[in-house]
Amino acid sequence: MAREQKLREKFYADITPEHKWEFIQGEVIMHSPALNRHLAASQRLYDLLSAYARVHHLGLVRHEKAMTSFPRNDYEPDVMFFGPAKSALMDPDTLKFPVPDFIAEVLSPSTEARDRGIKFRDYALHGVAEYWIIDPVAEAVESYRLGDSIYTPVDAQATGTLSSNVIPGFEIPVRALFDEVESLPVLKQILAGG
């Protein structure tokens, strides 16, 4: 652990804002560019969730480049939400964000094992109350809720409505994450105060 801590200190000294880097169990992970379908699903969720949180004054939503610091690891999730208590801890110069209340990861071939493995376990162990795994190829979402430091198993959902237990009142059609035509009316409704 002492060696790992030294590696983590070096990681903090070496990171730059130009790259997406994570520190996972003593290893520095530098991510490759994402496919358009990955970016589109991530951006749509960010747009919808961020607009909703802002309109209803619920907290902060961050995307991709916000480094969240867990006790042993540092992650840059695709989309994350921080409720009022954690949002109050942040200022314009925050570099290392606290453990989010909600995280969504969009699967890619190079990240799926970590998203379903170490991140799945670490997020639950450290109190991320809700974790969505978005599959942009199958166009489906798995929505996990925390109970006793583990996530309750769920089936992937390709149709219907997604709702959050962590973000009060946040509900969107699954299709809004994968189809711009479905996403825009939802965004307009949110911005109108819905």
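The values are calculated or read from the model by the stated rules, or taken from the named source; none is laboratory data. Predicted model, so just to flag it, every value in this text is computed and none were measured. Cβ: placed from backbone, ideal geometry, glycine included. Neighbour counts: every protein chain shown.
List of remarks:
- Criterion (touching a strand residue (DSSP E or B) at 6+ places or on another chain (Cβ under 9 Å), farther than 23 Å from residue 60 by Cα and surrounded by 12 or more Cβ atoms within 10 Å (Cβ to Cβ)) met by exactly one of 156, 129, 104, 124: 156
- Among the residues of the range 184-194, those identified as part of a helix (DSSP H, G or I) and more than 18 Å from residue 42 (Cβ to Cβ) are 185, 188, 189, 191.
- In the range 29-50, the residues that are closer than 24 Å to residue 101 by Cα form Cβ pairs under 6 Å with partners that are of a type in the set (Asp, Glu) and modelled with pLDDT under 90, at six or more places apart or across chains, as follows: 29/22.
- The set of residues in the range 72-88 that are among the hydrophobic types (A, V, I, L, M, F, W, C) and either farther than 14 Å from residue 61 by Cα or in contact (Cβ under 8 Å) with a residue 12 or more places away in the chain (or both) comprises 79, 80, 81, 82.
- One residue from 99, 181 being assigned to a helix (DSSP H, G or I), modelled with pLDDT of 95 or more and among the hydrophobic types (A, V, I, L, M, F, W, C): 181
- Evaluation of residue 46 against the conditions (1) assigned to a helix (DSSP H, G or I); (2) touching an Asp or Glu at 6+ places or on another chain (Cβ under 9 Å); (3) surrounded by fewer than 17 Cβ atoms within 10 Å (Cβ to Cβ) shows that the sole unmet condition is (3).
- Flag if residue 143 is at pLDDT 95 or above and more than 18 Å from residue 22 (Cβ to Cβ): yes
- Test for residue 123: is it within 26 Å of residue 168 (Cβ to Cβ), assigned to a helix (DSSP H, G or I) and touching a His at 6+ places or on another chain (Cβ under 7 Å): no
- For the range 52-77, a residue qualifies if it is in a strand (DSSP E or B) and over 27 Å from residue 188 (Cβ atoms), and the qualifying residues are 67, 68, 69, 74, 75.
- Top-ranked residue of the range 142-165 - restricted to ones that are assigned to a loop (DSSP other than H, G, I, E, B) and acidic (Asp, Glu), ranked as farthest from residue 125 (Cα to Cα): 155
- Flag for residue 20 being over 16 Å from the mean Cα position of the chain (by Cα), surrounded by fewer than 18 Cβ atoms within 10 Å (Cβ to Cβ) and of a type outside the set (Phe, Trp, Tyr): no
- Those residues of the range 148-180 which are under 19 Å from residue 41 (Cα atoms), of a type outside the set (D, E, K, R) and without any contact (Cβ under 8 Å) to a residue 60 or more places away in the chain, in sequence order: 156, 157, 158, 159, 160, 161, 162, 163, 173, 174
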